[in-house]
Amino acid sequence: MPEPLIQIRDVNYAYTKEEDVLHDISMDIYPGEFVAFVGQNGAGKTTCAKLMNGILKPRTGEVVVDGQLTEEVAASVIARNVGYSYQNPDHQIWAMKVEDEIKFGPNNLSFSEAEVKEQVEEALELANLTDKRDEYTFALGWGERQKLAVASILAMRPKIIIVDEPTTGLDKDGSLRIMNLLQRLNKKGLTVVIITHDIDIVAAYANRVVVFAGGHIVRDDMVEEVMVDLDALEKADLRPPQHIRVALALKEYGVEVEMSPELLRENISNLLQKA
Amino acid sequence: MEKRKFMDEPIVNVKDLSYQYPSGKDWALHNVSFRVEEGEFFGIVGPTGAGKTTLAMCLRGLIPQNFGGKISGSIKIAGVGTMSKTPGELADRVGIVFQNAETQAIGLTVREDLAFGLENMKVTREEMQKRIDRVSKLIGLSEFLEREPWALSGGQKQKLAIGGVLAMEPDVLILDEPTAELDPVSKSSIFDIVRRLQDEGVTIIMIEHEVETLADVADRILVLNEGEIAMIAPPDEAFREVSLFKDVRERVPFVADLMSTLVDQGAVPENRFTSREEEAIAVLKEYLEGENA
């Protein structure tokens, strides 16, 4: 088992003195994982993510990123390893031109000029923005600004990227584009954490799902397990995707079927063709 | 209020509508014709850039009035040609709610916001009070009438936007992806309101990506692609055309995809095809039972 990239141990966190928004949170995130945080608004997902990149420090307990206690190092040091892409790309895009936006991060992290150049090229290419490098950032569509936000983080070569609501406000095509980008990066070894309400996206892309409710983790498991844990999902106000609802209804009826859409279709069609 | 009645005429009648934005080179809409009957739930789907919002703005009279551009054909809502009226004159015939809940509130309180349209329509104080009471209950904001709109949650803001339109008692309500930016709880509470309106007989035109929901609630679905109508049909007929949806880069509900496969393989007869989840599960159980017996 490799060392975890991020260790969260018995963490409590409060924005105000009155009330903790996270209670006794513990989890390890390993290199190469594709994790989804789900839960109602206010359940603690984003707070947890901000603890992971050192913007917030725990009230009690500890967060270790790449072997370093977040309390003992500056947020800018952690930012090298943990990239964080905000829910609204306009909260993080500041430059006039696409390329300048992507350069900003690595320039500030004391990479050499040659490294910056290489990393910017790589990020442009990964996000499919190479031919848009000279465009004005405000002239891009929402989906492209979302990709630009991710690209500007990639340029810092983080070990893990946290993306808050990558698909909100995007149509099917735009959602697929950003999710396929994250999947490609994950296959290349980048650890990915997404925060989302979209259960179809979770089922299609994540390996592991952490369900938050009321500042607690109510389930942390492989995606296949969580998708059929109706109680845990309900605590996050979620229902499984339609194909899983169908599979569960058939299971209850005594017909054993697979839970992926493709296998489920194959199963049913085989069962019906046997006769 | 007594609803206007229009014998022999559908509540929405669009004929050969074509439109080009002032800056556009291509038709944003091209030869679009359809009718919506009173009380119908009419769904519109299509990829980004298909012209869905443009069509909604034409129906509301915002195009061409506020945008200019080239327009031809005709649109009648509740018997009135929209192109010769100002958006204000159409306010009690057709209302629209947009995707972004943040930018739609105008009043300093929820009550003021609900009253805003009515004041412009010169509705009496008494009538205004009655309508605000009725609408605020319907949208579940009657406890929040003195609240400032900015202090509401995203879902509540969107309910307020719907309420402001409903207060004007339009003949037709247009919803342009009202839940796209909302979390699951707010989403389902908006759909609950929409279903209640449907039960009350309000004519609803809804642009929506949640095809599973449309399969359940819509009477008919219009598929728009590159400014043209690709299909108009009841959900079960529409979602049977899985390849058409793939061509226009739109989703069909999983059960529609599954049932299509089974029908094409001859495992389930054509007349048992359905795009509705509950019904699909019932059909599957029936046929799996048959096979196991």
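The numbers here are math on the coordinates, done by the rules we state, and not lab data. Predicted model, so just to flag it, every value in this text is computed and none were measured. As a convention, Cβ positions derive from the backbone with ideal geometry for all residues, glycine included, and neighbour counts pool all protein chains shown.
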With only alpha-carbon atoms counted, please give the Rg and Dmax of the range B:115-237, in Å. 15.9, 47
Starting from the coordinates of the alpha-carbon atoms of the range B:191-274, obtain the Kirkwood hydrodynamic radius over all distinct pairs and give the value in Å to one decimal. 13.7 Å
With θ set to phi - 60° and the Karplus curve 6.51 cos²θ - 1.76 cosθ + 1.60, what are the ³J(HN,Hα) couplings of the range A:58-71 in order, to the nearest whole Hz, using x for Gly and Pro? x, 6, 9, x, 9, 10, 10, 10, 6, x, 10, 5, 5, 5
Once you sort the root eigenvalues of the Cα gyration tensor of the range A:122-168 as a ≥ b ≥ c, which label holds: rounded (a/c under 1.5), prolate (a/b larger than b/c) or oblate (the other case)? oblate
Choose one answer from B:V12, B:V283, B:V172: the residue with the largest mean-square fluctuation in a GNM of chain B with alpha-carbon springs under 10 Å. B:V283
Computed, not fitted: 222 nm per-residue ellipticity of chain A from DSSP H runs ≥ 4 (each -39500 (n - 2.57)), nearest 500, equal to -12000 deg cm²/dmol
With an 8 Å Cα cut-off and a minimum separation of 6 or more residues, compute the relative contact order for the range A:150-269 in percent. 16 percent
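Give me the net charge for the shell around B:V248: Cβ to Cβ below 13 angstrom, other residues only, Lys and Arg +1, Asp and Glu -1.
So the environment of B:V248 carries a net charge of -2.
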State the answer as a single residue: which of A:P240, A:I195, A:M259 lies farthest towards the positive end of the charge dipole of the range A:162-267, with beta carbon charges of +1 for Lys and Arg and -1 for Asp and Glu, about the Cα centre. A:I195
May I ask for the distance between the Cα centers of the range B:217-277 and the range A:197-236, given as a whole number of Å? 30 Å
Over the range B:7-104, what portion of Cα pair distances is larger than 18 Å, expressed as a whole percent? 47 percent
P(r) over all Cα-Cα pairs of chain A, 5 Å bins from 0 to the longest distance, whole percent per bin, short to long, reads 1, 6, 12, 15, 17, 15, 12, 9, 6, 3, 2, 1, 0, 0
With a cap of 11 neighbouring Cβ atoms within 10 Å, and only residues DSSP puts in a loop, list the trypsin sites (Lys or Arg not before Pro) found in the range A:150-236. A:K188
Within the range A:1-55: Cβ-based charge dipole about Cα centre, in debye rounded to nearest 20 (Lys, Arg +1; Asp, Glu -1): 180 debye
Farthest toward positive dipole pole in chain A [+1 Lys/Arg, -1 Asp/Glu at C-beta], among A:V11, A:V163, A:W142: A:W142
With the dipole of the range A:1-148 worked out from charges on the C-beta (+1 for Lys and Arg, -1 for Asp and Glu) around the Cα centre, which of A:V21, A:I78, A:Q68 lies farthest toward the positive end? A:V21
Under 21 Å Cα-Cα from B:K122, which lysines qualify once same-chain neighbours fewer than 8 residues away are excluded? B:K3, B:K85, B:K130
Within the set A:K97/B:K52; A:K17/B:K187; A:K57/A:K117; B:K157/B:K187; A:K117/A:K147; B:K137/B:K187, which residue pairs have Cα atoms separated by over 21 Å? A:K97/B:K52; A:K17/B:K187; A:K57/A:K117
Tell me, what are the semi-axes, in whole angstrom and largest first, of the equivalent ellipsoid of the range A:84-148 as set by the roots of 5 times the Cα gyration tensor eigenvalues? 19, 13, 10
Let me have the 222 nm mean residue ellipticity of chain B computed from DSSP H runs of 4+ only, each contributing -39500 (n - 2.57), with the sum over all residues rounded to the nearest 500. -11000 deg cm²/dmol
Give, rounded to the nearest 20 debye, the magnitude of the charge dipole that the protein assembly as shown has about its Cα centre when Lys and Arg contribute +1 at Cβ and Asp and Glu contribute -1 at Cβ. 1220 debye
Hydrodynamic radius by Kirkwood, which averages 1/r over all alpha carbon pairs of the range A:211-275, in angstrom: 13.0 Å
For A:S85, residues with placed amide H under 5 Å, excluding near neighbours: A:I162, A:V163, A:D164
Which whole-Hz ³J(HN,Hα) couplings does the range A:19-31 yield from phi under the Karplus relation 6.51 cos²θ - 1.76 cosθ + 1.60, θ = phi - 60°, glycine and proline marked x? 9, 6, 9, 10, 10, 6, 7, 9, 6, 10, 10, 9, x
For the range A:20-48 and the range A:241-275, compute the distance between their C-alpha centroids and round to whole Å. 32 Å
Answer check: the protein assembly as shown, Cα atoms, Kirkwood Rh, Rg/Rh ratio of 0.99
So which aspartates and glutamates pass the test for A:K159, namely a Cα distance under 16 Å, with those fewer than 8 places away in the same chain ruled out? A:E3, A:D28, A:E33, A:D66, A:E122
Placed amide H near B:I44: partners under 5 Å, 5+ positions off or other chain: B:M206, B:I207, B:E208, B:L222
I'd like to compare B:160-166, B:14-20: which one has the highest average count of other Cβ atoms within 10 Å, and what's the full order after that? B:160-166, B:14-20
Charge tally for neighbours of A:N41 with beta carbon under 13 Å away, counting Lys, Arg as +1 and Asp, Glu as -1, is -3
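Of all GluC sites (Glu not before Pro) in the range B:64-165, which ones are in loop regions per DSSP and have a Cβ with at most 12 other Cβ atoms within 10 Å?
Details: sites: B:E89, B:E102, B:E112, B:E119, B:E126, B:E127, B:E143, B:E146; in loops: B:E89, B:E146.
Answer by residue number: B:E146.
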Chain B - Debye-derived log10 I(q)/I(0), Cα point model, q = 0.08, 0.12 Å⁻¹: -0.38, -0.81
Residues with beta-carbon under 11 Å from that of B:G43, excluding B:G43: net charge, scoring Lys, Arg +1 and Asp, Glu -1? -3
